[in-house]
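The values are calculated or read from the model by the stated rules, or taken from the named source; none is laboratory data. This is a predicted model, so every value here is computed, not measured. Cβ placement follows ideal geometry from the backbone for every residue including glycine, while neighbour counts extend to all protein chains displayed.
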Amino acid sequence: MEVNVMTEIERRLREEKQRIDEQETPKELEDRLRSALTHTSNTKRRKPVMWKIIAAFFLAAILLSYNYPALAYYGKQILGFDEVVSGTLQDLNEAGKGQVIEESITLEKGVTFTVNGVITDENRLVLYYTFESEKGNAGDVSSYYQPAKLTGFLTNSHVQSGHGQVNSDGTELKGTFDFEPPSAFAKKLTLHFGGSEKTLEFHYDPFKALESRVVQDINQEVQVDSGRIKFESLTASPTQTVIKGTTNVKNLDQVMQPFGRISLWANGNKMDEMGRGVASSISGSTFELEFDALPQKLKSLNIKVDEFIGYEDLQAEVPLVEGTEVEVAGETVKVKQITVKEHQTEVTISTKESVTFDDVSLGNEPLSTTVGQSLKKKSNFIEKERTLVFETTTSAPSMFVGGMYYIKTYNEKVEITFE
C-alpha cells in the first residue's frame, strides 16, 4: 500500500504539537537550569558534546512550538464566494489558504456585516465579507458602511479597493476588500466602518499569512520626455505582484492614467493588472503597480513601458473658425464653438482623450480656466471635449498653443534578473 509522505509528516507534526502544548513546564525547572548553568565544579568536563546535544534539543523544541502554526497550518476554504472571486484568489481559497473568521456585527439601518474570512500575505490582506439586509436593499445601504481601515498591534491598515455582488432579491451582498497588510505581531484586528462608530474585532493569526515568493530589487530607469521612471523593487506574493518606483516627471495629471500602459510579462505572457496608485509631492512622485501572482515556475520576467506621458513643444497658432479641423503635431483639433460673453471669450474644442494643451493664450490673454470637460466614445478612440475660457472680449484670428501633453509610444523594456 502506498503512503502519502506529506500526509504522514503532517500527522506526526500535529501529534507533536499537541503533545508539546499539553505539557506543563515544572515551576522549579528555571531554577534548576540556572543552578546547573552557573554551578562550577572541580570535576573535569569529559562529555561537552552531550551538553550541546541537550541544548540543541531544547532549542529545537522551542522553535517547533513557536513556529508550528506556520508549518502545520493548511487552512480552510472560505465558503460561498465562488461567484465573487476568480483566478489566483479562487485558487488559493480552494487550496484552503484562507483563515475562516465568521464574526458579525449589526450596524444601523438593520444591516448585518460579517467577516467571513481573510487571506493575507506581504502585499495585502484580502477580507471576505457579507452584507445582509432583510429589507432587500443590501446593495444600497452597504455604501453607507464601507470598511475604512483595520487597526491592531502596530497596525493601521487602510482599505485599498473592493468589489461585491448582490443576490437576486437584494438581501445579501458578498465581496472582498483589499487592505494594506497588517503587522506580523497583530493577533487581533478591529474593523472600522465609514458612516458608523461601531467596530468589529476579530481574532487573527499572523502565522497563517502566506509567505512571499520573491522580494527583488530592480533599480532600473526608463527615460521619457520630461524626466525618468525608476522601477525600484518587486514583491511577489501568493496573491499578487507589486512593483514600486519613483518618477520625477511633472504634470502627470495632464493625461488620464499615465501608468496604465506599463505592463508586466512573465514567461512571455502578459500578467493581468490588478490596480495602481500614485502619490505626488514636491520632490516627485511614488507609484505602485499591482499585477496578478507570478507563475510557480518563472523563466523570464520583464516590465514593458509601451506608452507614457510625452511632451511636444509646439509654438503653434490654431485658427479660430467654428467647425474646422486642424492638424497640430499629428493630432486633430476640432474648433466646435466660439462664444463671446460680457467679460470673456469661450472656445470649445475637442481632441483625443490623451491630449492636453500647455501655455495657451488668446491674443495677449493667457488661458484663465477650462470648464465643461466631457468624454465621448468614438469608433477607435475616446474624444475629449472642453471649453477654454479667456478673460477678454478682444477677437483674435487664432489661439496660441505653446506645447502639448499626450500619450507617447516608447516601447522600452526592463529585464528583471533574480539573484
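For the reader, a short list of remarks on this structure follows.
- For segment 397-419, the set of residues classified as farther than 27 Å from residue 382 by Cβ and either crowded, with 18+ Cβ neighbours inside 10 Å or aliphatic (A, V, I, L, M) (or both) consists of 414, 416, listed by residue number.
- Test for residue 133: is it more than 16 Å from residue 89 (Cα to Cα) and among the polar types (S, T, N, Q): yes
- Considered as a group, the residues in segment 259-268 that are under 17 Å from the mean Cα position of the chain (by Cα) and surrounded by 20 or more Cβ atoms within 10 Å (Cβ to Cβ) include one that is farthest from residue 226 (Cα to Cα), and that residue is 264.
- Taken over segment 375-391, the criterion of being modelled with pLDDT under 95 and among the polar types (S, T, N, Q) is satisfied by 379, 380.
- The listed residue being more than 23 Å from residue 228 (Cβ to Cβ), at pLDDT 95 or above, touching a Pro at 6+ places or on another chain (Cβ under 8 Å) and assigned to a strand (DSSP E or B), out of 371, 360: 360
- Members of segment 161-218 that are closer than 27 Å to residue 294 by Cα and among the acidic types (Asp, Glu): 178, 180, 205, 211, 217
- When restricted to residues that are part of a strand (DSSP E or B) and among the hydrophobic types (A, V, I, L, M, F, W, C), segment 181-204 contains 5.
- Just so you know, in segment 269-288 the residues that are part of a strand (DSSP E or B) and of a type in the set (Asp, Glu) include one that is farthest from the chain's Cα centre (by Cα), and it is 273.
- Single match in 382, 416 (criterion: out of contact with any Phe, Trp or Tyr (no Cβ under 8 Å at 6 or more places or on another chain), farther than 26 Å from residue 256 by Cβ and aliphatic (A, V, I, L, M)): 416
- Among the residues making up segment 205-230, those that are in a loop (DSSP other than H, G, I, E, B) and under 21 Å from the mean Cα position of the chain (by Cα) are 209, 210, 211, 212, 213.
- Of all residues in segment 86-139, those satisfying the criterion of being surrounded by 19 or more Cβ atoms within 10 Å (Cβ to Cβ), of a type in the set (A, V, I, L, M) and within 15 Å of residue 193 (Cα to Cα) are 107, 111, 115, 127.
- The number of residues in segment 305-336 that are small (Gly, Ala, Ser) and under 13 Å from residue 347 (Cα atoms) comes to 1.
- Residue within segment 176-194 that is closer than 22 Å to residue 84 by Cβ, free of Cβ contacts under 8 Å to residues at least 40 places away in the same chain, touching a helix residue (DSSP H, G or I) at 6+ places or on another chain (Cβ under 8 Å) and surrounded by fewer than 18 Cβ atoms within 10 Å (Cβ to Cβ) present: no
- Scan of segment 374-419 for residues that are in a strand (DSSP E or B), without any contact (Cβ under 8 Å) to a residue 60 or more places away in the chain and more than 31 Å from the chain's Cα centre (by Cα), ordered by number: 385, 386, 387, 388, 389, 390
- Qualifying positions in segment 121-160 - under 16 Å from the mean Cα position of the chain (by Cα) and either assigned to a loop (DSSP other than H, G, I, E, B) or at positive phi (or both): 121, 122, 123, 124
- Put simply, of 354, 350 the only residue that is under 30 Å from residue 302 (Cα atoms), polar (S, T, N, Q) and not assigned by TED's automatic domain parsing to the domain that holds residue 304 is 354.
- Taking segment 252-268 as the range and being in contact (Cβ under 8 Å) with a residue 60 or more places away in the chain and not in a loop (DSSP other than H, G, I, E, B) as the test, only 254 passes.
- When residues in segment 333-355 are screened for being of a type in the set (S, T, N, Q) and either within 41 Å of the chain's Cα centre (by Cα) or closer than 29 Å to residue 261 by Cβ (or both), 4 of them pass.
- In segment 107-120, the count of residues that are part of a loop (DSSP other than H, G, I, E, B) and without any contact (Cβ under 8 Å) to a residue 24 or more places away in the chain is zero.
- Selection status of residue 297, surrounded by 14 or more Cβ atoms within 10 Å (Cβ to Cβ) and not assigned by TED's automatic domain parsing to the domain that holds residue 179: no
- Exactly one residue out of 318, 305, 335 is in contact with a strand residue (DSSP E or B) (Cβ under 7 Å, 6 or more places away or on another chain), β-branched (Val, Ile, Thr), in contact (Cβ under 8 Å) with a residue 24 or more places away in the chain and assigned by TED's automatic domain parsing to the domain that holds residue 402: that is 318.
- Residue within segment 221-231 that is modelled with pLDDT of 95 or more and loosely packed, with under 15 Cβ neighbours inside 10 Å present: yes
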